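A.B. asks: I am attaching a structure below and will ask some questions about it afterwards.
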Amino acid sequence: MSGDGERPRRTFTADRGDDRERLDRVLLRHLADLPEASRTKVQEWIDAGLVTVNGRAVPKASAKVAAGDLVDTVLPPPPLPKPELIPQDIPITVLFEDEHLLVLDKPPGLVVHPAVGHRDGTLVNALLFHSQEWGGEADRPGLVHRLDKDTSGVLVVAKNEASHAGMARAMKARTLVKEYLAVVYGRTAVTKGKVDLRILRDPRDRKRMTTSKTEGRESTTLYERLGESTGEKAGLSLLLCTLVTGRTHQIRVHLKAIHHPIVGDATYGSPRWKGIVDPTLQAACRDFSRQALHARRLAFDHPVTHQRVDAVAPIPADIAALLETAGLSA
């Protein structure tokens, strides 16, 4: 390893064992002594242009390496130590609770995990505070799944390792029922349908996801049209979306792919409110401050008691007002 200012680098020549292998697998083999060199991290380094082959950046982790290729990796600096998480008395709305699990109704605008720009005031800070009241054998609260900041609705928290592991197994087996309400532009061609497109990072913008028929992770969303606006208010539909898989931004990117973006979605939406004739509804869509997406229902078998848990989160006020303006009912 040689220095590059404060950025160390690793250079090696691909051998016969690397011939015709994927670049990410070759890097994993040659950087096996680095604890941070996981497959995910290696793929991130490739995406960031930190890896070159024969002096040229390689855009894809799946690119093939040939014996004799010179592979050079500029290693990113070690991450800064994470600040200590602070318990904060942030109100939460409980839908179900026992000594193993907490099912809550997340409001829109609440960040789930602390991150750059959101070190406190998050759901995790709230859970650390409320977990002090749990007593018994409760450990540090663990989020079973996530919701985007501006998506509201049902979220499950495990109170201990055993329940977290049980919920993780259920998610992997896809036995959870996860239903969302989405207010979208346009009228779907069918009352009930399925979006079966793979999802991957958008190569032009790493903060976005995109769809593909051949690349990315297998992803499936079922949808049912519950209603549509009519007359001068025509232009909106209310969909019930059921997740078969659970990928980042899945419903948002899938609905965009079938040309029915969610109202208020600044990332995957479009200004289709301009096509609505009714001025009141047009303004409501234009000014809607988040994606009109709500995790309405989550049903699963309890990982410890094996009883059925069926949690439903009421429609939040902003989406309820939008539906009323459009003449729609859930």
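The values are calculated or read from the model by the stated rules, or taken from the named source; none is laboratory data. Being a predicted model, the structure only gives us computed values, none of them experimental. Methodologically, a virtual Cβ is constructed for each residue, glycine included, from the backbone with ideal geometry; neighbour enumeration extends over all protein chains shown.
A.B. asks: Pairs under 9 Å by beta carbon, first residue under 15 Å from VAL103 (Cα atoms) in region 140-154, partner aromatic (Phe, Trp, Tyr) and modelled with pLDDT of 90 or more, six or more apart or different chains?
C.D. replies: Every condition considered, the pairs that remain are GLY153/TYR180.
A.B. asks: Within region 5-21, can one find any residue that is at pLDDT 90 or above, part of a helix (DSSP H, G or I) and closer than 21 Å to ARG204 by Cα?
C.D. replies: No, region 5-21 contains no residue that is at pLDDT 90 or above, part of a helix (DSSP H, G or I) and closer than 21 Å to ARG204 by Cα.
A.B. asks: Quick one: how many residues across region 194-206 are touching a residue at least 40 places away in the same chain (Cβ under 8 Å) and either part of a strand (DSSP E or B) or within 11 Å of ILE258 (Cα to Cα) (or both)?
C.D. replies: Number of matching residues: 5.
A.B. asks: While we're here: Has region 118-126 got at least one residue that is farther than 30 Å from LEU281 by Cα and assigned to a strand (DSSP E or B)?
C.D. replies: For region 118-126, residues farther than 30 Å from LEU281 by Cα and assigned to a strand (DSSP E or B): present.
A.B. asks: Just give me the residues in region 287-322 being under 24 Å from TYR268 (Cα atoms), surrounded by 14 or more Cβ atoms within 10 Å (Cβ to Cβ) and either of a type in the set (Ser, Thr, Tyr) or over 23 Å from the mean Cα position of the chain (by Cα) (or both), in sequence order.
C.D. replies: If the condition is that a residue be under 24 Å from TYR268 (Cα atoms), surrounded by 14 or more Cβ atoms within 10 Å (Cβ to Cβ) and either of a type in the set (Ser, Thr, Tyr) or over 23 Å from the mean Cα position of the chain (by Cα) (or both), then ALA320, LEU322 are the ones that fit.
A.B. asks: Right, another one. Kindly indicate the residue of region 52-84 that is modelled with pLDDT of 90 or more and either exposed (fewer than 11 other Cβ atoms within 10 Å of the Cβ) or aromatic (Phe, Trp, Tyr) (or both) and also nearest to THR13 (Cα to Cα) among those meeting that condition.
C.D. replies: That would be GLY55.
A.B. asks: Which residue, of ALA126, ALA158, ALA165, is touching a Gly at 6+ places or on another chain (Cβ under 7 Å), outside the structural domain of THR248 (by TED's automatic domain parsing) and in contact (Cβ under 8 Å) with a residue 12 or more places away in the chain?
C.D. replies: Among ALA126, ALA158, ALA165, only ALA158 is touching a Gly at 6+ places or on another chain (Cβ under 7 Å), outside the structural domain of THR248 (by TED's automatic domain parsing) and in contact (Cβ under 8 Å) with a residue 12 or more places away in the chain.
A.B. asks: List the number of the failed condition for VAL26; all other conditions in (1) outside any helix (DSSP H, G or I); (2) touching a strand residue (DSSP E or B) at 6+ places or on another chain (Cβ under 7 Å) hold.
C.D. replies: (1)
A.B. asks: Looking at region 172-189 only, could you name the residues that are more than 18 Å from ASP148 (Cα to Cα) and touching a residue at least 24 places away in the same chain (Cβ under 8 Å)?
C.D. replies: ARG174, THR175, LEU176, VAL177, TYR185, GLY186, ARG187, THR188
A.B. asks: Which condition does ALA182 not pass, out of (1) touching a strand residue (DSSP E or B) at 6+ places or on another chain (Cβ under 7 Å); (2) not in a strand (DSSP E or B), if it passes all the others?
C.D. replies: Failed condition: (2).
A.B. asks: Provide a single number: the residues in region 57-72 that are under 19 Å from ARG204 (Cα atoms) and not β-branched (Val, Ile, Thr).
C.D. replies: Result for region 57-72: 6.
A.B. asks: Additional query: Would you confirm, using the coordinates I've provided, whether PRO35 is closer than 30 Å to GLN132 by Cα and surrounded by fewer than 11 Cβ atoms within 10 Å (Cβ to Cβ)?
C.D. replies: no
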